Amino acid sequence: MKNIVLEAKNLSFEYPGDEDTKPVSALRDVSFAIEEGSFTAILGHNGSGKSTLAKLLCMIYQPTAGQILLNGRDMTAEGITEKDIMDARREIGMVFQNPDNQIVATVVEEDVAFGCENLGIPSAEIRRRVDEALEIVGMRKYARHAPHKLSGGQKQRVAIAGTIAMKRKIIIFDESTAMLDPLGRKEVMDTILRLNKEDGITVLIITHYMNEAAMADRVIVMNEGKILTDGTPGEVFSQPEPLWEVGLDVPQTTEILYKLKKDGYDVPLDVFEPEQCARIIAQALERGRS
Amino acid sequence: MKSDIAFGQYCEGDSLLHRLDPRAKIVLAVLYIVVIFLAESVASFGLLLLFSAGLVAVSGISPRIVLGSMKALTFIIIFTAVINIFWMQGETLLFALGPVEVYLEGIVNAVLIVLRIMLLLICTSMFLTYTTTPIALTDGIEQLLAPLNRIHVPVHEFAMMMSIALRFIPTLIEETEKIMNAQKARGADFTEGNLLQRAKALIPILVPLFVSAFRRADELATAMECRCYTGGAGRTRMSVLRYDWKDFAAIGTVVLLGAAVVVLNILVPGIGLAM
Ligand SMILES: Nc1ncnc2c1ncn2[C@@H]1O[C@H](COP(=O)(O)OP(=O)(O)OP(=O)(O)O)[C@@H](O)[C@H]1O
Ligand SMILES: [Mg+2]
């Protein structure tokens, strides 16, 4: 079994209300464990608590109940100091939805350097890491550009470079492709996949795109602050009813295969690659109903 | 692109002035201001005028741009000139209009003071705004003032505020345009009506703009926290500013210029500045 790097144990969280609003319970009793180098997708409709979960895992919020274990260490225990949390943030980081609101500097490479500068890393080492990170996300030639003149996908890759320059082991992407056009989305997804496959970075993506979720090793579906289902994309999507019930989609491929199966064709449900899916459908139609 | 306007008056270039260290340029600007105030005689003003012309030439920036920037000062220039010409007493009476007497000293004084104002503007713009990007300037100020940290002046925080403001100006301009277009599409009119009506038409722009700016600020704060930002303490920088011989040479030149001005004041006094 692989190393567990991040674990949530019975996490609950409530947004405190003020005078005229009641406290909002955003997460209830959420538990899961993330393996080193894995790729997990978190799904759920709006308001199901995905962002809240991400912020808890990055220790931006303190859970109202439950524990977060990073590399086996309980980050919610008594006696955890600001400094421990800072140290933890060297390991785990987050890329947000809106690229504009996470870029701090007026020059691309200065922004990528921002996190490393905060860690107090020597200048020469920062320089090296920044160049490397920009290379990985394919933005080396934009190093001296002004961020506001880049496309959305490019800005998002700059933000990703900023977190890989910090040499983080776990990165959470909170709808980081949501504001991008299809091309920008592909750029960013390719970058994320490469980070996971080639550099062994543990990735969690929060997304509304089912085809992105289908690329993951594991899918966690959230509903009203709880985990609805948790498993491989094959396991989760081959039972679409519970997902449909809470208003979620499944990948288009699954939807077609599922309908064929219901009509009596013998097809598998866990094929997400469109070409392959088309071949399977063609074969099944040739064979006819069983 | 419209949003470029926001990046101050910086003129792209690669001249000697552009390449000086921003800290050196701030020091140079301050020194040069002192030198300008040292000048008293016509001769020393002549020297400074020559030197400033030299600065403009070295920077490679079109003199027309520099002179154009004087327009903003027209009112101040006329005002000081008039005050000096009509109110200053002297020895050489040129003419009198009823109770108002105009002296030669008054006119010389007016000219020199106007020159002084112009020199001040040229010097700060040549050293600072035209040849230094706002962000380099911010870095320079932060590092020059760093010793003040010890007496608990939040130098780093101010510099950070400055650079974030600079970062977000284009974003907010873009957003303003978007909101204006959205309101125009709903039939809003920002060009007609009297001042009050036009000011009222701006409210539907300002309100969403502020709401969005606060939301951005909130998200940015979270993102910065996530990237381990905890203020200036323990922070390093990727690009470290370094002085080299150019910076020392430039500062040396301005110090020499100051000495020359003092000497000229004494050797060639002539009619000088009286205040
Ligand atoms: N700052 C806040 N204050 C109070 N309640 C909040 C706050 N942020 C989120 N909530 C509430 O917490 C719940 C979960 O929100 P969260 O942002 O985690 O959802 P999400 O799954 O990320 O949704 P989306 O897909 O829209 O991003 C929602 O009911 C939301 O209204
Ligand atoms: Mg969210």
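Each value in this text was obtained by applying a stated rule to the coordinates, not by laboratory testing. Nothing here was measured: the structure is a model prediction, and the numbers come from that model. Neighbour counts run over all protein chains shown; Cβ positions are idealised from the backbone, glycine included.
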### Query
In deg cm²/dmol, rounded to 500, what helix-only [θ] at 222 nm does chain A give when every DSSP H run of at least 4 residues adds -39500 (n - 2.57) and the total is split over its residues?
-11500 deg cm²/dmol
#### Entry: Rh by Kirkwood over Cα pairs, then Stokes-Einstein D for the protein assembly as shown at 0.890 mPa s and 25 °C, µm²/s
86
### Query
Between the stretch B:54-128 and the stretch B:160-179, how many Å separate their Cα centres?
37
### Task
Determine, for A:T254, A:T232, A:T40, the number of other Cβ atoms within 10 Å of each Cβ, and report the residues in order from fewest to most.
A:T232, A:T40, A:T254
### Query
Given the rule -39500 (n - 2.57) for each run of at least 4 DSSP H residues, summed and divided by the residues of chain B, what is its mean residue ellipticity at 222 nm, to the nearest 500 deg cm²/dmol?
-22000 deg cm²/dmol
### Task
Could you calculate the FRET efficiency of A:K259 with A:D230 from 1/(1 + (r/R0)^6), where r is the beta carbon distance between them and R0 is 25 Å, rounded to 0.05?
0.50
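Rounded, prolate or oblate for chain B? Axes are the square roots of the Cα gyration tensor eigenvalues, ordered a ≥ b ≥ c, and the cut-off for rounded is a/c under 1.5.
oblate
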### Query
Cβ under 9 Å from A:G153's Cβ, A:G153 left aside: what net charge do those residues give with Lys, Arg +1 and Asp, Glu -1?
+2
## Note on the structure
Toy charge model, Lys and Arg Cβ at +1, Asp and Glu Cβ at -1: chain B dipole around Cα centroid in debye, rounded to 20, equals 600
### Message
Order these by the 10 Å Cβ neighbour count, fewest first: B:S125, A:S12.
### Response
A:S12, B:S125
### Task
Pop out the ³J(HN,Hα) list for the stretch A:113-127 in order, Karplus 6.51 cos²θ - 1.76 cosθ + 1.60 with θ = phi - 60°, rounded to Hz; leave Gly and Pro as x.
6, 3, x, 5, 4, 5, 7, x, 6, x, 3, 4, 5, 4, 3
### Query
How many partner chain Cβ atoms sit within 10 Å of a residue's Cβ in peptide A:94-107, on average, as a whole number?
6
### Backbone N under 17 Å from the B:L49 label point (7 Å along Cα→Cβ), restricted to the stretch B:247-264
B:261, B:264
### Task
Grab the eigenvalues of the alpha-carbon gyration tensor for the stretch A:251-290, scale each by 5, take roots, and send me the semi-axes largest first in whole angstrom.
15, 11, 6
### Task
Taking GluC sites (Glu not before Pro) as candidate sites, keep only those in a DSSP loop with at most 14 other Cβ atoms within 10 Å, then name the longest stretch of chain A containing none of them.
A:79-290
### Message
Place a point 7 Å from the Cα of B:K246 along the Cα-to-Cβ direction; which residues of the stretch B:17-31 have their backbone N under 19 Å from it?
### Response
B:17-30
### Neighbour-count ranking [beta-carbon atoms within 10 angstrom, fewest first] of A:D29, B:D218, A:D100
B:D218, A:D29, A:D100
### Message
Along the Cα→Cβ direction, 7 angstrom out, place labels at A:N211 and A:K83. What is the inter-label distance in nm?
### Response
5.0
### Summary
Amide H proximity to A:L6 below 5 Å, modelled H, separation 5+ or other chain, gives A:I34, A:N71
### Query
Looking at chain A, what % of its DSSP beta bridges pair antiparallel, to the nearest 5?
55
### Query
So, in Å, what gap is there between the alpha-carbon centers of the stretch A:229-290 and the stretch B:205-220?
44
## Note on the structure
Here the percent of antiparallel bridges among DSSP beta bridges lying wholly in the protein assembly as shown, to the nearest 5, is 60
